[in-house]
Amino acid sequence: MTLEDSDRTFLEFLARNAPSAEFEEPLIAARASGASAEALAELEQSKLLALRVRAALDRSRRREAELSALYETVGDLVALRDVDAVLEAIVRRARKLLDTDTAYLALYDPVRGHAYMRETNGSVSAKFQQLLMPLGAGLGGLVVQTASPYFSSSYLGDARFQHTRAIDEAVTEEGLVAILGVPLRLRGNVIGVLYAADRSERRFARDEVNLLSSLAAHAAVALDNARLLQETRTALEELNTANRKVEARSASVERAAAAYERFTDLAVRGGGVDDIARAVADVLGGSVVVVGPDARPLSRTGATPPAEGFPDEPTLADAMARSHSEGHNVTCGPCTVAAVAADQQLLGALLISGAGELDATDGVILERGVLVTALLLLFRSSLAQAEERVRGELLTDLLTQRHGDYFAVQERARRLGTDLDEPHVVAVTACDAVPAERIASAAGAWAKARRGLAGRHEGRIVLLVPGEDASAVARDVASELRTALARPVTVGAGGALSGTDAPEAYTEALRCLGTLQALGRGGSAAAMTDLGFLGLVLGRHADAHGFVNRLLGPLITYDERRGTSLLHTVDSYFEHGQSLTRTSADLHVHVNTVTQRLERVGQVLGEGWNTPQRALETHLALQLRRVLAG
């Protein structure tokens, strides 16, 4: 083979990047062909030159790969979105470029006093991947202390650094022998170490150390950029959160201010509890009920009634007491209860239902609503007390005849909505189980609604209301007060008389009340006409004809229409001591006929007509009829 042929052969080897062993083949062939020593020496020189060129090409290609990897890493950092992905790429590229079995990155936590694995590539040991390394221990400790790269061709036998049992066991389990570590520097401080490691002995070249150091520098930049980005994001989130809070707070303040302005306007314009209930319902939603101190509703508004209904009065009263003592609203069944008080006096409460959970702003609005409701209830109470006092004074003047000028008292009554020229009934009440203030309040409200008067007189609650039927008025008063007070009330009524003749009606009503109490009929209502012969005796007018007609009128009418003699049978029955035998003999009929007639009398007069009290009244009516007829 000529020199020119050998050169061409080596160039072909270089062109196809042939292995180093093939560069020996031309020498072997020349020796076999008996080439001269001079030719062999020249051929050896050509081979060495070709190998140097090949080594230079290898270094160039490796440098190109390194620069390409660094360029890609820089590109990843520029487009940084996920720091985990960038660090994973750096560790993966370190392993690939240095052609090691594994690569990993550890970060140091000076607060906790140890380093921890941040990213690994090529690791097979879970213990190694979760390894915690004390500061200053292992090869990494030497790198951190000196801020310089270090490698060990045989880690477990290297005495230059401090060994620990945990680190050595993890390295052994991973099977690592040769380890290279370079520092991650950030503003003069070492924050971690980037490692490349083999499972066999190896000496790392300077270029490899420099390459790993460059990757470590990029890893430090990635971590710092990630920290800055996270801090920026956190700051932006905090700023946005603060801005949202400011906006929400501003909206809450504006909402509360608008509600308070509306509530205050109601108070200034003299609105009532209906208005405040409607306003609170509009602002908070749901249904709103205003109750008084007795837990009875004063006003109800809202289109969303509670699904479970309002609590009963004892339960509600307990919730009102808790809200009053604790100074904030409380939950009672489906309702939120906010006590309304002034100067430690419980005036009532607001009940809100169907509005959902109340937030802080709703709580402030509710507090403002409670304050305005307290003002309105105080104003209402003051007006009611003043009006009650005026009405009571007029009633007292009428009952005691102290009014003097009749036209003046008529004018006073007219201003209160009462016409004294109309027939009026006086009703006197008694209820020992309820405070007089509550009875007076309920009676006053009922009398005012009917253009009448109510007040206290001689220790009793007295009403003067328009009407011609004293018995009906007595029943109405008893029914209303029983509902309002949840207690039976005894009512005696007198009249009907002109309003200026109230003393006479009052005396009759008081006498009727006393009669009911003496007869043990507490909790009932009656006028003198309802007391039978006692009413005839005790009443202001001895209306004998009316008494007879009330008791015997149905029998008289029955006999007249049917041609029967039931009235005559009853008369004979009482004249003969209620004996069926003697009655049948007097009437010349069979005893069964008498029995049948008396049963028919019971159908006409009602069951119990011949009980002792009714029998006495009936007998008295028969005697009066006989006298009146004579």
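The values are calculated or read from the model by the stated rules, or taken from the named source; none is laboratory data. The shown structure was predicted, so the numbers you read here are calculated from the model rather than taken from an experiment. Cβ coordinates were reconstructed from backbone atoms using ideal geometry, including for glycine residues, and neighbour counts include every protein chain displayed.
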Restrict the check to the range 437-452 and report whether at least one residue is acidic (Asp, Glu) and over 18 Å from Ala386 (Cβ atoms).
no
Can you name the residue in the range 395-441 that is of a type in the set (Gly, Ala, Ser) and modelled with pLDDT under 80 and is also nearest to Ser479 (Cα to Cα) among such residues?
Ala433
On the basis of being under 17 Å from Arg203 (Cα atoms), part of a strand (DSSP E or B) and either assigned by TED's automatic domain parsing to the domain that holds Ala217 or without any contact (Cβ under 8 Å) to a residue 40 or more places away in the chain (or both), does Leu107 make the cut?
no
Please count how many residues of the range 459-503 are at pLDDT below 85 and of a type outside the set (Ser, Thr, Tyr).
11
Any hit, the range 223-246, residues being of a type in the set (D, E, K, R) and not in a helix (DSSP H, G or I)
no
Tally, over the range 181-207, of residues that are touching a residue at least 40 places away in the same chain (Cβ under 8 Å), buried (at least 22 other Cβ atoms within 10 Å of the Cβ) and in contact with a helix residue (DSSP H, G or I) (Cβ under 6 Å, 6 or more places away or on another chain):
6
Within the range 168-175, is there a residue that is in contact with a Lys or Arg (Cβ under 9 Å, 6 or more places away or on another chain), in contact (Cβ under 8 Å) with a residue 12 or more places away in the chain, in the same structural domain as Met117 (by TED's automatic domain parsing) and not in a helix (DSSP H, G or I)?
yes
Given the conditions (1) farther than 20 Å from Gly285 by Cβ; (2) crowded, with 23+ Cβ neighbours inside 10 Å; (3) among the hydroxyl-bearing types (Ser, Thr, Tyr), report the number of the one that Thr373 does not fulfil.
(1)
